[in-house]
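Everything on this sheet refers to the single structure shown next.
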Amino acid sequence: MSHSQTTQPSNHRIGRPPMGFQWRSSYWFTTFVVTLGIATDLLVYSIIIPVMPFQLQNLGYKDVSALSGWLLFAYSAGLVLSTIPIAMFSEHYNSRKVPLIIGLIILLGSQIMLMEAPLYLVMCIARILQGMGSSMVWVVGLALLCDSTPEPLIGRQLGIAMAGLSAGLLIGPPAGGVLYKHFGFRGPFIFSIIVTVIDLIGRLAIIEHKDTLVWGSDPVVHGSDTGEDQGKPNTECAISAVVQNRKSDEKVVPPGIQHMPTSMVPPKLDRVKTLSLVAVIVKLSKSSRALVSIFITLIYGVVYTSQEPATPLHLQDVWGLDSGKVGLVFLAAVVPTIFSSPLSGWLTDHNGPEWITFLSLILALPWWIVIIIQGPLSLFTAAFAIEIFFTSGVISPLIAELAAISREIEGVGYAHIYGAFNLAYGIGSVAGPIAGGQIYDHAKHGWMALCLLAASLLVVALILSIFFVGADPLLTRLRWCLNNSEVMDSP
């Protein structure tokens, strides 16, 4: 290429953008698809909980409670074991859409396998595959959302996406019970397969961030609540495309910057480097913010899921509730969490993750003590709902914090950081129900012991958040304020 050819930048694009390019590449559509993916994941996970014991009985098995528990464990095991390979694949090949589609195809196949399984072993294999398929949306889906969203809005959009978790749990068990009653064992599966197909259509329609750059449009740079400027050609977008593709094995130079002056091209474009798993672990282990955020996620997983096996038994033992009334109590508790994640995400964008993490934890703590009281059922239900509302609120600032950490550590991508998040939560969600069930069954005052343990873990998370969460942790801010006040008071 001659020097004369490098003097005029070009916004040349080959052909026309794909149909619906503007809305398919927008961060709002990506948020919708990721939210739907998370809701689908939790729907598939929870819809079989009320019906699986009956199917096991129909197949002639005994001890169905224990066997059902191992099926839940198989799902979590598949999720945990597949997380690291998925994260490394997504970052190595700089790909989000393909893993998301593969994950959903696995999820579809596993549901059909579980629906038609004649043996318990086949059921376990199907649940492991379900966990693997679900891991895609938690690792790659969150990474895709961060790729596509303007940085000042990441907390809000992640919070909206996390509302899918509550929606899936809210719809799954009741729908499973009703469909099983009217249509038999296949009813819940057919419903979840239909929802999964709708999710697949959404994932196929997405145009991921690196592809929008090729057409000279960057919703991250030009995105706004009104969507203005999305889809318009821009030279900065084309430059970003080179940066985005430098992680892949093949250098891609998008149309529009082939003739760009070398002085305009960002540095390090000639470097093609993908970190190994060991290198990623080393880099994350050097970041106290990353380690603490991941550890708090682990605590959240243990605390949140430890209630699952014990709460129905506690409601039955103290107030004599049957399964239907227990379901209503859970319904009343889960509904507020649909709003807690978007709210805490929006507040995180405006106030920082350090404040919202701290407030969520400290406001949740008293209600873990209140639910120990064996008073009126209305008091327990209200306290239980408030406790879950504030405990759930901690997730949005944590995942926003992890996104910020990923941007600050060179070579560590969003899929890497959310792989660590998914791994921590997966381990916590495996340990939580086991610990909760064992404590409730074997401790003298099982429910009190379980609640006090959860409160203690939240205190640990609270202390760590004060020291390490956020670019300017609360302790650092407090020291700065104290130092300034001493300076002002000195003569």
| query | Does residue 170 qualify as being part of a helix (DSSP H, G or I), farther than 27 Å from residue 212 by Cβ and open to solvent by 30 Å² or more (accessible area, probe 1.4 Å)? | reply | yes
| remark: Taking the range 129-161 and keeping only residues that are under 17 Å from residue 47 (Cα atoms) and open to solvent by less than 10 Å² (accessible area, probe 1.4 Å), one is left with 130, 131, 133, 134
| said: So if I check each of 85, 53, which one is open to solvent by 30 Å² or more (accessible area, probe 1.4 Å) and within 22 Å of the chain's Cα centre (by Cα)? | reply: 85
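Quick check on my filter: what residues within the range 116-148 are among the hydroxyl-bearing types (Ser, Thr, Tyr) and over 16 Å from the mean Cα position of the chain (by Cα)?
If the condition is that a residue be among the hydroxyl-bearing types (Ser, Thr, Tyr) and over 16 Å from the mean Cα position of the chain (by Cα), then 120 is the only one that fits.
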| Looking at the range 322-346, which of its residues are outside any helix (DSSP H, G or I) and either under 15 Å from residue 388 (Cα atoms) or among the polar types (S, T, N, Q) (or both)? | 335, 336
| query | Within the range 317-343, how many residues are open to solvent by 10 Å² or more (accessible area, probe 1.4 Å) and polar (S, T, N, Q)? | reply | 1
| task | Kindly check whether there is at least one residue in the range 478-488 that is out of contact with any Phe, Trp or Tyr (no Cβ under 6 Å at 6 or more places or on another chain) and surrounded by 23 or more Cβ atoms within 10 Å (Cβ to Cβ). | result | no
| request: Could you please find all residues in the range 48-61 being touching a helix residue (DSSP H, G or I) at 6+ places or on another chain (Cβ under 6 Å), closer than 17 Å to residue 111 by Cα and either free of Cβ contacts under 8 Å to residues at least 40 places away in the same chain or part of a helix (DSSP H, G or I) (or both)? | output: 52, 53, 56
| request: State the number of residues belonging to the range 378-406 that are open to solvent by 30 Å² or more (accessible area, probe 1.4 Å) and in contact (Cβ under 8 Å) with a residue 60 or more places away in the chain. | output: 0
| Meets criteria (open to solvent by less than 10 Å² (accessible area, probe 1.4 Å) and not hydroxyl-bearing (Ser, Thr, Tyr)) for residue 126 | yes
| remark: Exactly one of 297, 305, 337, 348 is within 20 Å of the chain's Cα centre (by Cα) and more than 21 Å from residue 157 (Cβ to Cβ), and that one is 305
| task | State which residue pairs qualify: first residue more than 30 Å from residue 31 (Cβ to Cβ) and inside the range 161-189, second residue open to solvent by less than 40 Å² (accessible area, probe 1.4 Å) and of a type outside the set (Ser, Thr, Tyr) in any location, beta carbons under 6 Å apart, and separation of 6 or more residues or different chains. | result | 180/51; 180/187; 180/188; 185/55; 186/115; 187/179
| From the options 54, 89, residue that is aromatic (Phe, Trp, Tyr) and closer than 17 Å to residue 173 by Cα | 54
| Options 79, 72; residue that is at pLDDT below 85, part of a helix (DSSP H, G or I), surrounded by 16 or more Cβ atoms within 10 Å (Cβ to Cβ) and in contact with a Phe, Trp or Tyr (Cβ under 9 Å, 6 or more places away or on another chain) | 72
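Can you find a residue in the range 105-112 that is touching a residue at least 40 places away in the same chain (Cβ under 8 Å), hydroxyl-bearing (Ser, Thr, Tyr) and over 30 Å from residue 150 (Cβ atoms)?
Pass one, the range 105-112, residues touching a residue at least 40 places away in the same chain (Cβ under 8 Å): 105, 107-108, 111-112.
Then keep just the ones that are hydroxyl-bearing (Ser, Thr, Tyr); that gives none.
No: the range 105-112 contains no residue that is touching a residue at least 40 places away in the same chain (Cβ under 8 Å), hydroxyl-bearing (Ser, Thr, Tyr) and over 30 Å from residue 150 (Cβ atoms).
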| note | Those residues of the range 421-459 which are closer than 14 Å to residue 294 by Cβ and open to solvent by less than 20 Å² (accessible area, probe 1.4 Å) amount to 421, 422, 424, 426, 428
| query | Restricting attention to the range 184-212, and to residues there that are outside any helix (DSSP H, G or I) and in contact with a Leu (Cβ under 9 Å, 6 or more places away or on another chain), which single residue is nearest to residue 49 (Cα to Cα)? | reply | 206
| Restricting attention to the range 1-47, which residues are at pLDDT 85 or above and not in a helix (DSSP H, G or I)? | 19, 20, 25, 26, 47
| So, of the residues in the range 347-373 that are in contact with a helix residue (DSSP H, G or I) (Cβ under 6 Å, 6 or more places away or on another chain) and not in a helix (DSSP H, G or I), which turns out to be nearest to residue 395 (Cα to Cα)? | 371
| said: Cβ-Cβ distance below 7 Å, separation of 6 or more or different chains: which pairs start in the range 431-450 with a residue that is farther than 15 Å from residue 371 by Cα and free of Cβ contacts under 8 Å to residues at least 12 places away in the same chain and end on one that is surrounded by fewer than 22 Cβ atoms within 10 Å (Cβ to Cβ) and hydrophobic (A, V, I, L, M, F, W, C)? | reply: 443/449
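Residue by residue, here is whether (1) at pLDDT below 95; (2) within 30 Å of residue 177 (Cβ to Cβ); (3) among the small types (Gly, Ala, Ser) holds:
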{"site": "259", "(1), (2), (3)": "yes, no, no"}
{"site": "278", "(1), (2), (3)": "yes, no, no"}
{"site": "312", "(1), (2), (3)": "yes, yes, no"}
{"site": "318", "(1), (2), (3)": "yes, yes, no"}
{"site": "328", "(1), (2), (3)": "yes, yes, no"}
{"site": "335", "(1), (2), (3)": "yes, yes, no"}
{"site": "341", "(1), (2), (3)": "yes, yes, yes"}
{"site": "367", "(1), (2), (3)": "no, yes, no"}
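The values are calculated or read from the model by the stated rules, or taken from the named source; none is laboratory data. Computed from a prediction, not measured in an experiment: that's the story for all the values here. Don't worry about glycine lacking a Cβ; one is built from the backbone with ideal geometry, like all the others, and counts go over all protein chains shown. Heavy atoms of the whole protein, side chains included, go into the accessibility calculation; ligands, DNA and RNA do not. Shrake-Rupley method; radii C 1.70, N 1.55, O 1.52, S 1.80 Å.
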